[in-house]
Amino acid sequence: MTEMTLRKLRYAMVGGGRDAFIGAVHRKAIALDGQAEFVAAALSSNPEKAKASGRDLFLPDDRNHGDWRGLLDDELKRPAHERIDFVSIVTPNHMHFPVAQAFVEAGFHVVCDKPLVHTREQADALVEAVARKGTVFGVTYNYTGYPMVRQAREMVRSGELGEIRKIVVEYNQGWLATRLEGEGNKQAAWRSDPAQSGAAGAIGDIGSHAENLVATVTGLEIESLCADLTSFVPGRPLDDDGSLLLRFKGGARGVLVASQINTGLENDLRLRISGAQGTLVWRQERPSELTHLPHDGPKRILTRGAPWLCESARRASRIPSGHPEGFIEAFANIYGGVIADIRAKLAGVAADPLAADYPRVEDGARGVRFIERTVTSAKSEVKWTAW
Ligand SMILES: NC(=O)c1ccc[n+]([C@@H]2O[C@H](COP(=O)([O-])OP(=O)(O)OC[C@H]3O[C@@H](n4cnc5c(N)ncnc54)[C@H](O)[C@@H]3O)[C@@H](O)[C@H]2O)c1
């Protein structure tokens, strides 16, 4: 370890101002392990609100910017001992590409929320830029940070379930069951606007999490898909409900559901994976449990914090079993992976793969392709058989 790696990293944030949702979660998650400090920001699209939001968080005036270009220009002028190590991008989707591209081109490490960008061309450009600049780029598919998701990944990939045959993943919410975007709800407004959200609504917003969860746990690649998207709420231009059939390379079959009009449901993300020798079931609303149903034996419920879990699941847990851990800790695990990778780069050594465990720009790019192929499939009527 060099002097450079034995210090707190410094980060900036773009988006995440007053009344924003996920930016504050990112800041809390980063703070959890004390490995990086928040030193600069452009927190809102509105310059006055950006600055007021920065003052709430005690940012000094000279690092509290009204817009992200001002933030980037200022960072480039600062001496190395003050400059940020990475930026977290937590704006609505349409701003991910310009901000991420500019910071990567300037040589900064980046964490960006999902979905990565709007188009496949943008995703390819970002993957190319990250490779060329040699920067770290994490995408906050935060559900893959849960210890019991990491345990599921280990069990599937080590062959404990046998050959994977069937995968069912559902992410169901109810909060967009009415036209909230017409009632001044900011989060609903940009999510229902194609110019800001992108080509998809629910499929991009939460279907992308479902796709990433399956890919992370199983390592299987989608070979083809058949999608049905609809918008139940009148006047909403993007899907609020989607159902997909999936075919994976190697023969497994899957079903993916992403819907935001399921009245009464909150964040009901569920994963079920069946192999020739058993099934695993995980639910994000009970994240510390993983149910294992072997074909030839009694079912068992594995719980977070137990000593018999795999090392990556054990490392992802901070407190003894039975004390609830959750969303922010899972998010912190993604940041832990990114920070481990940045520290390895600063030290000029190869990162420990168990530590640098986080979704990368390539995962984000695959998510963009998933959204694009889903929207394309949904426009086709070919697979439907009239009753
Ligand atoms: N990983 C997750 O679980 C998760 C959960 C929610 C949202 N998200 C993603 O996070 C992002 C933000 O979602 P949200 O729900 O927090 O949205 P939000 O509307 O609550 O917050 C967005 C923030 O970005 C700011 N912003 C907009 N344009 C900006 C610009 N040009 N420069 C600086 N700031 C700008 C807004 O002023 C606001 O503060 C989206 O990409 C969303 O898909 C991820």
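For the chain, how big is the tail of P(r) above 25 Å, as a whole percent of Cα pairs?
Tail of the P(r) past 25 Å holds 57 percent of the pairs.
Determine, for LYS383, LYS114, the number of other Cβ atoms within 10 Å of each Cβ, and report the residues in order from fewest to most.
Ascending number of Cβ neighbours within 10 Å: LYS383, LYS114.
Can you work out the Karplus-derived ³J(HN,Hα) for every residue in segment 360-370? Use 6.51 cos²θ - 1.76 cosθ + 1.60 with θ = phi - 60°, whole Hz, and x for glycine or proline.
9, 4, 5, 5, x, 5, 5, x, 5, 5, 4
Please list, ordered by chain and number, the residues whose modelled amide H lies under 5 Å from the amide H of VAL255; skip anything fewer than 5 residues away on the same chain.
ILE167, VAL168, VAL169, LEU246
Once amide H atoms are built 1.01 Å from N in the peptide plane, which residues 5 or more positions from PHE232, or in another chain, come under 5 Å H to H?
Those lying under 5 Å, H to H, from PHE232 are ASP240, ASP241.
Among the DSSP beta bridges whose two residues both lie in the chain, what percent are antiparallel, rounded to the nearest 5?
Within the chain, antiparallel bridges account for around 60 percent of the total.
Arrange the peptides 219-227, 15-23 so that the one whose residues have, on average, the most other Cβ atoms within 10 Å appears first.
Highest-to-lowest ranking by the protection proxy: 15-23, 219-227.
May I ask for the distance between the Cα centers of segment 87-141 and segment 237-281, given as a whole number of Å?
27 Å
Got a sec to turn the phi values of segment 326-331 into Karplus ³J(HN,Hα) couplings, 6.51 cos²θ - 1.76 cosθ + 1.60 with θ = phi - 60°, whole Hz, x for Gly and Pro?
x, 4, 5, 5, 5, 4
Stretched out fully, how many nm does the piece from THR263 to SER224 gain, at 0.36 nm a residue minus the Cα gap?
11.0 nm
Could you check the spin-label model distance between ARG55 and GLU289? Points 7 Å from the Cα along Cα→Cβ, value in nm.
With each label placed 7 Å out from Cα toward Cβ, I get 4.8 nm.
Name the residue from GLY16, SER224, LEU180 whose Cα lies farthest towards the positive end of the charge dipole of the chain, charges +1 on Cβ of Lys and Arg and -1 on Cβ of Asp and Glu.
SER224
Modelled label-to-label distance, LYS28 and LYS249, 7 Å Cα→beta-carbon offset: nm?
Between LYS28 and LYS249, the label points sit 3.9 nm apart.
Every number in this text was worked out from the coordinates using simple rules, so none of it is lab data. These figures come from a predicted structure and were not determined experimentally. Counting neighbours? That spans all protein chains shown, and the Cβs are built from the backbone with ideal geometry, glycine included.
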